[in-house]
Structures are given as structure tokens and as C-alpha cells.
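Only one structure is covered here, and it is reproduced in the block below.
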Protein chains: 2
Amino acid sequence: MTADKSLDEQVTEVLPLPQALLLPRIAIEDVQPTIDGGQFAVKAVVGQEVPVTARVFADGHDKLAVLLAWKPVGAVDWQRAAMTDKGNNHWQGRLRVGGQGRYMYRIEAWIDQFGSYCYELEKKFVAAVPIDLELQEGREHVRQASERSQGELAERLAALHDELSQRSNDGQFECFLKPATAVLMRQADHQAYLSLSHDFALDVERQLAQFASWYELFPRSVTDDAARHGTFNDVHARLPAIRDMGFDVLYFPPIHPIGRRHRKGPNNSLTAGPDDPGSPYAIGSEEGGHEAIHPQLGSREDFRRLVAAAAEHGLEIALDFAIQCSQDHPWLQQHPGWFNWRPDGTIKYAENPPKKYQDIVNVDFYAADAVPALWIELRDIVVGWVEEGVKIFRVDNPHTKPLPFWQWLIADVRGRYPEVIFLAEAFTAPAMMARLGKIGYSQSYTYFTWRNTKAELATYFTELNQSPWRECYRPNFFVNTPDINPAFLHQSGRAGFLIRAALATMGSGLWGMYSGFEICESAPLPGKEEYLDSEKYQIRPRDYSAPGNIIAEIAQLNRIRRQHPALQTHLGLQVYNAWNDNILYFGKRTADRSSFILVAVSLDPHNAQEAHFELPLWEFGLPDDAQTRGEDLMNGHTWTWYGKTQWMRIEPWHQPFGIWRITPG
Amino acid sequence: MTADKSLDEQVTEVLPLPQALLLPRIAIEDVQPTIDGGQFAVKAVVGQEVPVTARVFADGHDKLAVLLAWKPVGAVDWQRAAMTDKGNNHWQGRLRVGGQGRYMYRIEAWIDQFGSYCYELEKKFVAAVPIDLELQEGREHVRQASERSQGELAERLAALHDELSQRSNDGQFECFLKPATAVLMRQADHQAYLSLSHDFALDVERQLAQFASWYELFPRSVTDDAARHGTFNDVHARLPAIRDMGFDVLYFPPIHPIGRRHRKGPNNSLTAGPDDPGSPYAIGSEEGGHEAIHPQLGSREDFRRLVAAAAEHGLEIALDFAIQCSQDHPWLQQHPGWFNWRPDGTIKYAENPPKKYQDIVNVDFYAADAVPALWIELRDIVVGWVEEGVKIFRVDNPHTKPLPFWQWLIADVRGRYPEVIFLAEAFTAPAMMARLGKIGYSQSYTYFTWRNTKAELATYFTELNQSPWRECYRPNFFVNTPDINPAFLHQSGRAGFLIRAALATMGSGLWGMYSGFEICESAPLPGKEEYLDSEKYQIRPRDYSAPGNIIAEIAQLNRIRRQHPALQTHLGLQVYNAWNDNILYFGKRTADRSSFILVAVSLDPHNAQEAHFELPLWEFGLPDDAQTRGEDLMNGHTWTWYGKTQWMRIEPWHQPFGIWRITPG
């Protein structure tokens, strides 16, 4: 223990005078949008207008000049736009950035001395008090501005000063107040007491990071016969149907060689037969690791052709990035120092409690040999697939890998390829879900599959529209996954699938579907939210034209999403009143209200439900008795609503939801 | 413009790999209480227990060790206490600091490797799966711990390892899990992946900063005759009465020499007669400035005797710190460079729109000559008065002086004399009000005088209990001031004064009264919220025994405050349901609910009001039909309440409020 500090040291420890003299005179507080005080980048997409607000104020009564400044992270020069005083020290500006990548923004404020002078001069002039002294002071402002300027500006200010000196009081007053004088004086402004906010980061991604419909399939199941392993070449035939349903992203579980040791058999059994294909998440065999392609799926050339064919159909291929190894992964031999070996020469298999993955082992990111070789290798693997045309990665269980690793990897990859999108497959506590978004994930899996009641859904949708979620987290509402066969669907029948599809497609700009959902597959492992005969462990051919499928409805839902900007994000959602606990009723609307969609979903797949409900007339500034136009976006019917309170009836055997566009008048 | 950065520079600009490798593996987020991400110190008082919460989490499933650490700012060693896992990554700890001054606190977290090991070992043991390998790993943990330790600890760990090696599996299991082993291993813990939060500041003040009753008087008015200037010596006679009313702080407007030039006459008139005393806020004459005493009040010795006599009565003298000058202030001659002179050789008089102060001028804190001489001079003036025994300052219009100046001055003075309390007399926009608290003001004037309706008061009281206000701002509810003769009181009669006194005394730990309130003075300047014949400009003797005075009620309200800890702060206030818009009904309660006071105030000074209201049984964990004990704290009556819904009737001519202590059972 060393000695505590003396009184004099203590007095100056908190704030020494020289440091106090350098503190900004103007306070810039509560800048929004920000995450954790600027520690992480806020999310936006290309073309999005980002409102920026702050409280800006100083002592006294002077006028302030407040600017919003921004630039790409690598650029030198800032762009600037004036912010507007909204009263009570609240200032607002707007950022509109054209390209992808990371931007910085900040707020710049100074005391507008000439503006303050003009404000007071005008008040005194209007009050008809003598202003001779004020005019003299004003001329001094102009003289000093001229003196500190150069070239043409200095000359024009000098000329202005001369002109003022020759004018009457009324003439001078008029001259001080005219816009041209303000422009000149602003150019010569020395920005008294200039104060800067921190620099805040903004990650601008392409539209698809916020608005996309994902379709997941196992290429090996694209076959007519469970005994014949499907291939990349087989997938070509599925592309038109997937595109016709309105999807943008076609996502494959891992396509890499699958290990043999501890391979899982059907229904997650611990022993596989010789012909069992194994889980594609058990990555790595003597045929290669994360950089390689499972030979039974095809060649690298086949993969490239599929990526190109998908692109021709408007689909992007998304790959799974699952940092784990089968016990046959080449790394166990090549880089034993990347793993934690037990005293008996084995490696502990992976767990994600309560799930056990006996067929896979994990690397140790902070093992002495792994830093930084493993990190760089993983980055190079991602970059390698990017160079094959894959710009979207669904990342398996990111919450079990170190946060700093992801923060670096995503920054590094997106620094090179800003178009790359990372989806976090995290199902864990809320803080970690949000944190993954903060450190760079473009979007994330969600709790959506376990939110079923009106209260649960309303709370969850609302929370995602609030801080900190809205700044850092884009929810991708998967209605099912190979891991999640939602309990709600086990007994709901077709109507239940339509309910969940409507909630997902209308609730967020991002939604996803795992194949089989469109034909209402729901047979569970008894008592579990898992699929019976899960495709994770076996090849599952399907008949997509099976009767009762909801392909047409999915196509229409996706079509509506494309037509209406309000539906292209999870933001702008507001839950409204419908007096029935089985009917979730909400609005999605753009900031300018030009796109305003009302969505009512009955959560009861079995019975008709009725409710009175409120049209949000107040959001248009309309009185309670106003009339509005309604349009049913599922069938194109239009009508006029009279007044605020309306009534609806939903029959799930017909269609368990209504989607209506509302316009004033 | 210089060139933008290259791609490689851009890639590494966001987060270079070496930097990523140093990032903490454990996330520590949303630490509370904090202000603006730790930019300013949070407020507390001596003996207060400050709950500290944070979200702490890491990748994977390991157990974390999380500590709360704190120390006085000048100290070297941290004190530490374990935080508790409240679920969902929320951790909670408690800070209890004994002395005044600035403290720092932080959160320390690391991966508890041995704790994680024991957790898994126990699960496997309970599941009756083989644990030989686990036990071998456990012994290795102990061996490594011994190796990295020294002295006795190393020996004891080595002995533990030997013991384990000789035991059966069951014996080893028992040995790993026993508390003594945990203690030993914790001592040898190498704190894997240790992560620290920022250091956050906490300003600990004495109780009086949070709980005090202020009484304001003009010493010159303590006289029987408006023609005879009252003195410090006259004030002695008032001390017992002020103390008997239960006040702690006796606050005087400025006691310094008053200028002659532009001296104000009665009712703020622009010309004073030869005998008009002038406003004490026009500080400075040839007899001295802010360091001096107005000769008509007495000598420095008189002042010292008054400070001592007040202390004997349990009263502290508070002085006014008003940084402004009459045109006769010595500084105008001695330090002309501290002022902004106009072209005609004058200085612009002060304004606080719409108020005009023709008798005073302001210094310019950033004038070339004023930095830092003026700042140091002002600090020395405050320190000079502190050395005269004045530990409380009411600061006049701080929002018109630079924020960095206050931040430095308060830190400097409180670094020397941590017992000094600063009250901000700021009536301005909310952001500035809060900011003054953030930069160091112990407490502040408020909007209380203009909050009259139930909705206004409920909203305001509630807001002050929420972030950011609760962390940075202690409201001092003045019921009136020499500047504010509240409109509500002009017509309310005696009941109105009781209403406002009850609201102030029960609403906050801090309240204040300007003399005359206790005898219900309310005559306004016509149409204004100012006093007729304001004491600011003339001597105003008073008869404090005038009939209809509310001295007894004030004394009882202050007595109740001293007896009940829940009333010694503005925090812990919760508005409850009373079904009458004229009755504000709220609770004040300590965190442990041991002090729980219910307050019902009728806001109608003229008519009886009745209401059903809810007893907050749920806050005691009681069912709706529970019975509770009630005690009327104004008259000592007690009773039993049966059930949640009760009824009240308030007759303002009797007493316009009720104050009840509630206890379970």
C-alpha cells in the first residue's frame, strides 16, 4: 500500500483549474441515437434518414449555432448540416448517408455572437428604445469580422462596414438584419466557444440487412429419394418456387465435410448407421474443414454455379458459420494448441445446456497457440466464402464465442466488404442478445417463436421499438428452424401457420422460414419443440405441392411487404386498442405516415374472434369522427371508415388476420 | 483537404486485432447509478446505502465472480464486496460509505474457473455419471493454484492436493465442494479474464445536503421600525423562534456593501431616495465587495457572534453567493479587464429576461484578463466565508455563469471543505437545472412554486424520482422567495399556505420558506407574482405573532420530518390512487418499508373534498383484505384500516391535508 494523496493533490485531482478552463462552455447532452454512450455503432441502412437529437445549451441567453457533422470513417472532411432548435434546448438534425460502411457523426455548437446581437437589436428596435450604442457595437462586429477574414470575404465585410457607417439608424438596422449580412457574418464567424460532442459511430448497411425474407433448406434434402443425397445441382430446380414465394435469401446449413467419429444417427441418436449422413454441424473430416465443401453436395464449381443461378433469380445464398469441429476436423491434427485437451487425451464435447453435441468439439479462442492464429484463420475462412460470392452469414451460437472476437471479425470483414451481413443465431439472455447487435451483428434470431399471447407479443414488439433495442438489434423473426418446431404449431393446424406467418412478416422487416413450414409440417419429437425425424440427422424429401399448403399466402404477404415501406423494418410499430385478448392489433408506419398499415391477427386458430378496435386517427391529426379510406391488402377491397371506433370479425378457417392500408380522407 | 485513408487503414481503423485481443472478455453494462455514462458524480449522503446494479455477462456458460470496489478519490486501496446474481445477468451490490467527499467505484468481474468446475462437478455427481476424469481435472486445478501461490497459501493448497490424491471419488467430491476449499481456491484465484468497468464518481455529502429546512430572512428587516436598519445583533432575538419552528438553515440574502449608483427604490423603481436601502443584490461600494460586510448590518465580529449563536440554536447560517457588481464595486476600478465595456465607456446592466437589473453589471468569465484571476478571486471569496464558519451557499442565478466555472469552483471548495453545500437558484429550462446538479450543486430551486394541480404535482414529484433527476438533482421546495409570491396564495387564504407547506415538507427532504409566509403574507404587485413593497428594496418589520399565523403547523410538519426517515429525502415517493382530482395522495417510504408515510393533500383551499383511496397494501406484500394500523401524525390518533379501499374527507378550514403513518397488522 502506498500513501494516500495530500489535500492539495486531492483538491486538484477532481478538476484542476487549467483543465476546467479547457472544458467546453456549451453542454451537449443526450445525443441520440447512440449506444452505451457511443461505445458501439448505431445501425442504419443505405438511404435511411436518421434523425439525430441532442440537448444543447450554455449559460446565459446567447443564441447558439448547432451543426450536425458526419463523414465516412476513413474520410478526412466532414459534411455538415444545421440542426433546428425544437425548444427547451432540444435540437434536431437529419443524417442521410448514401453509401455502405461505417460513418462517424458528431455535434458542433458555438455561441452565435452576431446572431445574438441581431436578436437583441431587433427587440430593441421594435420596442423603440434608442439603439445608437447597439448600432455602434454592430459596426464593430463587422469590422472585427473583416479583420479576421481574408481575400474577397474581408473586402466584402469592409465594404459592408463602410456602407453601415454612412447609413441612418433605420438604414443600418435594415442592413444588419438582411439575410445577405447574416451569410457574410456566418462565413467570417470565429465560432466562439466551439464545443464538440463525442464522435459517434454509425454502421450503414445495405437494405437487405433490415428488409429481407429468408428461406432455409438443406440442399441434401432436395431429392426425390431419401436414399439419394441431394446436391447443389438439384437446388437449381427449387429456385423459381422460392423466388415466387417472395424470398430474398436462401440459407443453407453448413455445407462442409461432415465428421465420422461420434456421428449422430436419426433423431439425434448417439450411433449412426453407415449410411446416415450425420449432422452438417459436425464440421470437418479428412476431406477438409470450414473452407471445404462436402463432396456429396457437389464441387466448388457446382457451388459457384448455384450462387450465380440464385442471383439470376434474385436470391442471395447465405451460409452457416459454425465455429466448431467434428473430431475428424483437420485442425485437431494441424493445430492441437487451439483446443483444450483433457488428461485422457480427449476434448470435451460441446454443450448448449440442456442440449448436448457429442459429435462436435469447440476451439479455445484464448489458448496460447490460438492467439491470434485461430482468429486470423477464421477471418480468412469468412473472407474466402465472401470471395465465392457469399455475402450473408448466419452465425451458429455466437454467444458461446468471445465477444471481442466477433467485434474484431465483423469490423474487419465489413471494413473490406461492407455489404457482408451477419445474422446471430443466439438464443440466450437479453443482455447478450443485445450485445451481439452492439458489437456488429446486423441482425439476430429472437424470442419470437416463444411469444404467443397478445400480451407477450405486444410487449415484445414494443420493446424492440424502444432503446436500447431499436439502436442495436434487428430482429429476424424465424417462424421455425431445424432446431425449433414451435409448440403452438403442433395442434394449431393450417390457421396457426398463417397466424405465425402474418405475425412474422408484418412484425419485422426480417423474417425467416425453414422449409416444411409452407406445407404445415409440425410432427414433433414427443413432448419437445423439435421435429420428429429431424432433417439435421437425415435426408427429408418433401412434396411442396401437398394440399393445404400456404404457399399462396406467403407469396402475398411477401408481396405486400415489398409494396409498403412501413413493413420493411420492425421499427415504426405501435400496438393499438382492440378489445379482445385474442386479437393483436397494431400499426406499422413510416415517419411521415405516407405508408400506414394496420394489422390485426387473431391468435386463436380454432374459433372466430370479434372485437371493437380504434383507428389511430390521432396519428394523422384527425378528429374522432373523421373518415378514412381502408384497403384490404390481401384481396384489394377498399372501403370508407367513419369515425374512430370500428368492429372486426376474424374467422381463422377463412383467414386468421387482416392487413389494411389506411389513408386519410 | 488531405487524402482519405486506404482500404487497409480503414479496415484496421475500426478495431485493429492487437486492440481486439485486449478488449475485456466480460461485458459490464448499464452500471447504475451513473450520470451521463460516468461523466459526472452521482449524489449520496453519509450513511446512505447506495444499491449498485449492472449487467455482467460473458460468452459461454462459465460462472462469473463479480465484485463492487470503491475508495475515496485520494486513496490508493479499494474496498471490495461481492455482488449478487439476481438472474438474467443482473448483478447487485451495495455501497455504504462512511465519510464525506468524493469516492470512486467500479465493478470488477472475472471468470470463476474453480467455481465453474465445482458447479459442473456437482451436476455430474448428482446425475451419477462417471467423474474420474473430472476429479483428475479438479486436482490439476488445485495443483496449478498451489504453483502460482506463495508461502502458507501454497503449502495449504499443496496439502489439499495431496489429500485429494489419496481419497476415494466420493471423498474427493466432498472435499472439492466444501467451503474451506472454496476459500483457499478463491485466495489463489488468478482472476481469469479480469474485466473492469469504468471508474464512476460518487459525491458523498453530509445529511444536511439532502434533509434540511431553510428559513430566509433579511437581517435589515429584523427591527421594530422601518426607519431603523436591522443588524446582525438584532437577529439573535429571532433565533429561538426560527429554531422552534424546526428549521436547520438560516439563509440571508447578500450581506455585502450595497452600491449607490442606479440604486433601486421601493417596488423596483429606478430612482432611490436618499434613505432607501437599495437591493442587497447590487453588491459592492467603496466600502468593499463580495468579501466585505455592509456596515449597517454590523461588524465582522458581529457576524461571527451571530454565526456562533445560530450554531448554539442548531442553526447554520447560509449566505448568498451572487456574482454581480453594483457600478460602485471596487472591481470596476481594480479589474476593468473583468468586464465588457461598451463603446461609450459603460457596462451593459444585467438582465434575466424579462427581468431587468439596472443596478447591477456582470463580469465576463472568459475575458482575457479574467482567466484565471477572476476565477481564483471568486474561489477565494467563497473560501474566505467558509473560514468564517459559513458552510452553505445559496448561489444566485448560476445558470447565467459558465458551467465549467462552477464545476471547478465546487470541486475545488469541496475538495478542501467537503462539508460545504451549494444550492443553485436556477429557474430556467430543465436541461440546465439538471446540469447544475451534475456538475456539483448539492441541491436546487425547483418548479415547485408553479406546480399546483394534481396532475402537475404528481408528474413533477414522480419525475424527480426517476433518472436522470434522481441521480443528479436534489429539489429544495421553496414555498415562496423574495422574488416569488406564488399566484396560488394571492387568494387562497390561510388554507392555501398550509397546502403549500404540506406539499413542500412532505414532498422533499429539502424545503424552504421566506419570512412572511408563516403569517400568510400574500399582497402582490398587481398582476404579478411579486410581493408588494418587496423587502428587496425596503425594510419590512413584521409581527410574527399576527393572528392566523401557521407557526404551530410548520413546527409540527418539521417535527414529523425529523421523526420519520421516509420524509428526509424527495426519493421514495410514489403517487397512489385517490379518486378525486383535487386530492393529491402519495406515499413516502424507505427502501425497507420500515418508515412508510401516506400523505393526502387537498389542493382546494375553499371547499371540503372527499375521496375513496387505495392503501398500498401490495407494497407490504399484503392481500387486498389485510388490516393495517394507521396513525395521524398531526394529532397522534391511531386506528385500524380494514382492506385496501378507504375513504377520506378533507375540510380545508380545519386542516387541508392528512399525514398518516401506516404499518402492517
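What follows is calculated from the coordinates using simple rules that are stated; it is not laboratory data. Fair warning: this is a prediction, and the values are worked out from it, not measured in the lab. Neighbour counts run over all protein chains shown; Cβ positions are idealised from the backbone, glycine included.
The mean sequence separation of alpha-carbon pairs under 8 Å and at least six residues apart, normalised by the residue count of region B:254-307, gives a relative contact order of 39 percent. What you get for chain B, charging only the Cβ of Lys and Arg (+1) and of Asp and Glu (-1), is a dipole of about 900 debye around the Cα centre. For region A:489-647, the relative contact order works out to 20 percent when only alpha carbon pairs closer than 8 Å and six or more residues apart are counted. Count Lys and Arg as plus one, Asp and Glu as minus one, and take only other residues whose Cβ is under 15 Å from that of residue A:640; the net charge is then 0.
Ranked from shortest, the separations from the 7 Å Cα-to-Cβ label point of residue B:155 to its equivalents in the other copies are 9.3 nm. Phi-derived couplings, Karplus 6.51 cos²θ - 1.76 cosθ + 1.60 at θ = phi - 60°, listed residue by residue for region B:116-123: 5, 4, 4, 4, 5, 4, 5, 4 Hz, with x used for Gly and Pro. Counts of other chain beta carbons within 10 angstrom of each beta carbon in peptide A:58-68 average 3.
Put a plus charge on the Cβ of each Lys and Arg, a minus charge on the Cβ of each Asp and Glu, and nothing anywhere else: the dipole of region B:316-418 about its Cα centre is then about 320 debye. Average 1/r across all pairs of distinct alpha carbons in region A:429-565, invert it, and you get the Kirkwood radius: 16.0 Å. The phi-based Karplus calculation (6.51 cos²θ - 1.76 cosθ + 1.60; θ = phi - 60°) puts the 3J(HN,Hα) values of region A:585-592 at 10, 9, x, 10, 8, 6, 4, 8 Hz, whole numbers, x for Gly and Pro. Annotation for region A:638-665 versus region B:216-245: alpha-carbon center distance of 74 Å. Taking Cα centroids, how far is region A:101-173 from region B:608-632 in Å? If you average the Cα positions of each part, the centres end up 65 Å apart. For chain B, the calculated P(r) over all alpha carbon pairs, in 20 Å bins from 0 to the bin holding the longest distance, is 16, 40, 28, 14, 3, 0 percent. Structural size metrics of region A:24-96, computed from C-alpha coordinates, are Rg and Dmax of 13.2, 40 Å.
From the Kirkwood radius over Cα pairs of region B:59-208, Stokes-Einstein at 10 °C and 1.306 mPa s returns a whole-number translational diffusion coefficient of 90 µm²/s. What does the charge add up to near residue B:503, with Lys and Arg as +1, Asp and Glu as -1, over the other residues with Cβ less than 14 Å from its Cβ? That works out to +2. Note on the protein assembly as shown: dipole from Cβ charges, positive end direction compared against B:61, B:386, B:190; the farthest Cα belongs to B:61. Across the copies of the chain, residue A:456 has label points (7 Å from Cα along Cα→Cβ) spaced 4.6 nm apart, shortest distance listed first. Taken one residue at a time, the phi angles of region A:90-106 give Karplus couplings (6.51, -1.76, 1.60, θ = phi - 60°) of 8, 10, 9, x, 9, 9, 9, 10, x, x, 6, x, 8, 10, 10, 9, 7 Hz. Gly and Pro are set to x.
Among chain A residues, the one whose Cβ is nearest the axis of the rotation from A to B, given with its distance rounded to whole Å, is A:37, 2.
Label points for residue A:123 are taken 7 Å from Cα along Cα→Cβ. From this copy to the others they lie 6.8 nm apart, shortest first. Helix B:373-386 and the long axis of chain B differ in direction by around 90°, with both axes built from C-alpha atoms. Summarising the amide proton neighbourhood of residue A:514: residues at separation of 5 or more, or on other chains, whose placed amide H is nearer than 5 Å comprise A:216, A:479, A:480. Its relative contact order, with pairs defined as Cα atoms under 8 Å and 6+ residues apart, puts region B:325-443 at 20 percent. Positive-end ranking of B:253, B:237, B:227 along the dipole of region B:192-280, with charges on Cβ about the Cα centre, is headed by B:227.
Sorting A:405-414, A:370-379, B:509-518, A:428-437 by average packing, meaning the other beta carbons within 10 Å per residue, from highest down gives B:509-518, A:405-414, A:428-437, A:370-379. The alpha carbon centroids of region B:480-544 and region A:364-438 are separated by 66 Å. Size check on region B:327-376: the Cα extents along the three principal axes, sorted descending, read 31, 21, 20 Å.
Computed from the alpha carbon atoms alone, the convex hull of the protein assembly as shown holds 222 Å³ per residue. Normalised by 2.2 N^0.38 Å, where N counts its residues, the alpha-carbon radius of gyration of region B:1-142 equals 1.45.
Evaluated at q = 0.15, 0.17, 0.23 Å⁻¹, a Debye calculation over the C-alpha positions of region B:139-232 (equal weights, vacuum) places log10 I(q)/I(0) at -0.75, -0.82, -1.12. Each Lys and Arg adds +1 at its Cβ and each Asp and Glu adds -1 at its Cβ; summed about the Cα centre, region B:84-182 shows a dipole of about 740 debye.
Give me the angle, in degrees from 0 to 90, between the Cα long axis of helix A:403-416 and the longest principal axis of the Cα atoms of chain A, rounded to the nearest 10. Rounded to the nearest ten degrees, it is 80.
When each of A:462, B:223 is scored by the number of other beta-carbon atoms lying within 10 Å, the sequence from fewest to most is A:462, B:223. Close amide H pairs (under 5 Å, H built 1.01 Å from N) link residue B:45 with B:205, residues at least 5 positions away or on another chain.
In the protein assembly as shown, taking the dipole from charged Cβ atoms about the Cα centre, the farthest positive-side position among B:376, A:576, A:28 is held by A:576.
The convex hull defined by the C-alpha atoms of region A:243-392 has an orientation-averaged projected area of 10.5 nm². Computed over Cα pairs, the Kirkwood radius of region B:375-438 leads via Stokes-Einstein (1.567 mPa s, 4 °C) to a diffusion coefficient of 107 µm² per second.
By other beta-carbon atoms within 10 Å, ranking B:535, A:155, A:312 with the fewest at the front produces A:312, A:155, B:535. Taking the inverse of the mean reciprocal distance over all distinct Cα pairs, the Kirkwood hydrodynamic radius of region A:331-451 comes to 15.7 Å.
Amide H to amide H, with H built 1.01 Å from N, residue A:328 comes under 5 Å of A:260, A:261, counting only residues 5 or more places away or on other chains. Among residues other than residue B:363 with Cβ under 11 Å from its Cβ, the summed charge is -2 (Lys and Arg +1, Asp and Glu -1).
Helix B:487-507 and the longest principal axis of the C-alpha atoms of chain B enclose an angle of approximately 30°. On average, how much area does the Cα convex hull of region A:167-325 cover when viewed from any direction, in nm²? Taking the Cα atoms of region A:167-325, their convex hull projects to 18.8 nm² on average.
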